[in-house]
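Asks: Starting off with a structure, shown below.
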Amino acid sequence: MAEGDLPGREELLRRIPSVDEVIQSELLARLGPSVSRQEILSSVRMGLARLREEILRAEPEELSMLPQDRTRLAQRAGLEAIRLLGPSLRRVINATGVIIHTNLGRSILAKEAIEAVEEVASRYSNLEFDLDAGRRGSRQVHAEGILRRLTGAEGALVVNNNAAAVLISLNTLAKGREVVVSRGELVEIGGSFRMPEVMAHSGACLREVGTTNKTHVRDYEAAIGPETGLLLKVHQSNYRIVGFTQEVHLDALVQLGTSRGIPVMVDLGSGCLLDLTAWGIGREPTVQETLKSGVDLVTFSGDKLLGGPQAGIILGKGELVRRIRGNPLHRALRVDKMTLAALEATLRLYWDPSEAVRRVPTLRMMVMSQGDVRRRAGLLAARLRRLVPPEVCVSVRREHSQVGGGSLPLVELPTWVVGLKVEGVPALKLEQALREGVPPVIARILKEEVILDLRTVQEEEVPTLAGIVAMACRGLSSVSRGEGEAT
Ligand SMILES: *Cc1c(COP(=O)(O)O)cnc(C)c1O
């Protein structure tokens, strides 16, 4: 053994307990009969494999921080096994203030949408059955009707997401032909949606025009030829080009398309159905006004500003939408009944805009007043001050929240946050401890301080949040005082 009484790597590996020892440990013995033996065995094996990995990977100076005796090693593997027995996809508390957070599930659904999902998920439905005719029908009729009535579009189609909507539209209208796009609009959305790549996969040829900061009508004009299949405008979702700039107004593009007999499509990205300026939030072009300008097709997401389930919505001229529906890709990109149920229920809330901002959580969080956020931050801070040890500093102050999801990138919503600092503990450690909570809390770090933005924390989550924060702070401050080791 190299250092004092501490066992080395080899010795630790020898001390790794058997599967049976872990199963019989107190932690796992407490699991009821509802968990099958096969599942327990599999997760214990995985827990042990991870423990072995951990020992093998540890730097020499980290070995002493691992559990040293067999009982503690069994505990560690047992804890990991229990974690594996839980679901992988689970709820978290979003304290980031980013309302449409793509990594955290984008929009949370309205109560009405959840009830609609439950109804069609637990019963048979008329998903593809025409109740009047008594024979096979189309799943598309359900969302189509309300989409057309709400927006005035002639045709409507719902697919898996907006990436799919763009892909199938380009493939149907411009396969083997050219699609004219401004160089200022060749966007990349987080993940892997890059307009030029989607275009390539659709079989259409990208014809870039203009420059990054300026594109004129004459640039589009000059690019039009016998190969042109479509004029495409992409909404600059997650960025803005400012300064010496020029983009072609949609009306001018529509005029050009009409005079040359070439369809015009707009990828709107977010798909806002309400004029948000009425609530003092920034301007985002609405779906209705985009259609009114005379474009042939509009596509947008269901789970961004619309506040519904993941979906891609295609609206526009009846004839074009019919052609897209007939594309064999449609079968591969179609949505399931739960999506359709949630989408239809969400859309119904839009008949009355003031109801929509009360009931659609994404909109509700956006229009939430500063006073309301402040009150919620105050509630959390008051609870925390009673629960946390004295070396934790709890403050309430102003900050800014973001809409997220590539919507309104320049809008900063004034908000109130709870700031947390634990004496002698780096903010990163606290942020990590919060992520280990049940449920995990996702927070931001700003200038060496952990901040919790109450705009995206639901009122009924505040007591739970306080409990998790208090637990994390207590664990960390006892470690920083040297009162034993966190396991
Ligand atoms: C978000 C976005 C997409 C991708 O939408 P998904 O629904 O995530 O597939 C495509 N285009 C634009 C302009 C977007 O903002």
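Asks: Would you please give the FRET efficiency between K292 and R397, computed as 1/(1 + (r/R0)^6) with r the Cβ-Cβ distance and R0 = 35 Å, to the nearest 0.05? All intermediate terms of the calculation are to be shown ahead of the outcome.
Replies: Working: r = 43 Å, r/R0 = 1.23.
Once the sixth-power term is evaluated, E becomes 0.20.
Asks: Would you mind counting up the charge near G271? Only other residues with Cβ under 13 Å from its Cβ, with Lys and Arg at +1 and Asp and Glu at -1.
Replies: Charge balance in the 13 Å sphere: -2.
Asks: Volume per residue, Å³, of the convex hull around the alpha-carbon atoms of the range 202-296?
Replies: So the per-residue Cα hull volume is 118 Å³.
Asks: Roll a 1.4 Å probe over the protein chains and send me the accessible area per residue for the range 406-487 in Å². Don't jump to the answer; show the numbers that get you there.
Replies: Numbers: 3750 Å² over 82 residues.
I get 46 Å² per residue for the range 406-487.
Asks: Report R9's accessible area, 1.4 Å probe, all protein chains in place, as a number in Å² to the nearest 10.
Replies: So the heavy atoms of R9 present about 70 Å² to solvent.
Asks: With the contact rule set at Cα under 8 Å and sequence spacing of 6 or more, what percent relative contact order holds for the chain?
Replies: Working: 868 pairs, mean separation 86.0, N = 487.
Worked out over the chain, it gives 18 percent.
Asks: Now a separate question. Treating the beta-carbon of each Lys and Arg as +1 and of each Asp and Glu as -1, no other charges, what is the dipole magnitude of the chain about its Cα centre, to the nearest 20 debye?
Replies: Here the chain has a charge dipole of around 720 debye.
Asks: Amide H neighbours of V209 under 5 Å, counting only residues 5+ apart in sequence or on other chains, H built in-plane at 1.01 Å?
Replies: Counting only residues 5 or more places away or on other chains, the set is V181, S182, R183.
Asks: Kindly report the accessible area of the range 1-133 per residue (heavy atoms of protein chains, probe 1.4 Å, no ligands, DNA or RNA), in Å².
Replies: Here the residues of the range 1-133 average 66 Å² of exposed surface.
Asks: I want to check the label-to-label distance for H216 and I241. Put each point 7 Å from Cα in the C-beta direction and report it in nm to one decimal.
Replies: 1.5 nm
Asks: With an 8 Å cut-off on Cα pairs and a minimum separation of 6 or more residues, tell me the relative contact order of the range 1-114 in percent.
Replies: Here the relative contact order equals 31 percent.
Asks: Give the relative contact order (percent, whole number) for the range 129-253; include only Cα pairs under 8 Å separated by 6+ residues. Working shown, then result.
Replies: On the way: 165 pairs, mean separation 29.3, N = 125.
About 23 percent, as a whole number.
Asks: Averaged per residue, what accessible surface does the range 144-287 expose to a 1.4 Å probe, in Å²?
Replies: Here the residues of the range 144-287 average 42 Å² of exposed surface.
Asks: Would you please calculate the Kirkwood hydrodynamic radius of the chain over all C-alpha pairs and express it in Å, rounded to one decimal?
Replies: Answer for the chain: a Kirkwood hydrodynamic radius of 26.0 Å.
Asks: Once neighbouring chains are kept in place and the probe is 1.4 Å, which whole percent of the accessible area of the chain is contributed by carbon and sulfur?
Replies: The computed percentage sits at 51.
Asks: Now, a different point. Take L387 and S36, extend 7 Å from each Cα along the Cα→Cβ direction, and tell me the distance between the two endpoints in nm.
Replies: According to this spin-label approximation, the distance is 3.7 nm.
Asks: If one takes the longest principal axis of the Cα atoms in the chain, at what angle in degrees, from 0 to 90 and to the nearest 10, does the Cα axis of helix 70-85 lie?
Replies: For helix 70-85, the angle is close to 20 degrees.
Asks: Using label points projected 7 Å from each Cα along Cα→Cβ, tell me how many nm separate E188 and N103, to one decimal.
Replies: 1.7 nm
Asks: Next question, about the same structure. For R323 and A133, compute 0.36 nm times the residue count separating them, minus their Cα-Cα distance, and round to one decimal in nm.
Replies: 66.0 nm
Asks: Can you work out the FRET efficiency for the pair R83 and D352, with r the C-beta to C-beta distance and R0 = 45 Å, to the nearest 0.05? Don't skip to the end; give the middle numbers.
Replies: On the way: r = 45 Å, r/R0 = 0.99.
Approximately 0.50, to the nearest 0.05.
The values are calculated or read from the model by the stated rules, or taken from the named source; none is laboratory data. As the structure is a computational prediction, the values presented were derived from the model and not from experiment. Cβ coordinates were reconstructed from backbone atoms using ideal geometry, including for glycine residues, and neighbour counts include every protein chain displayed. Surface accessibility is based on the protein's heavy atoms, side chains included, excluding ligands, DNA and RNA. Shrake-Rupley method; radii C 1.70, N 1.55, O 1.52, S 1.80 Å.
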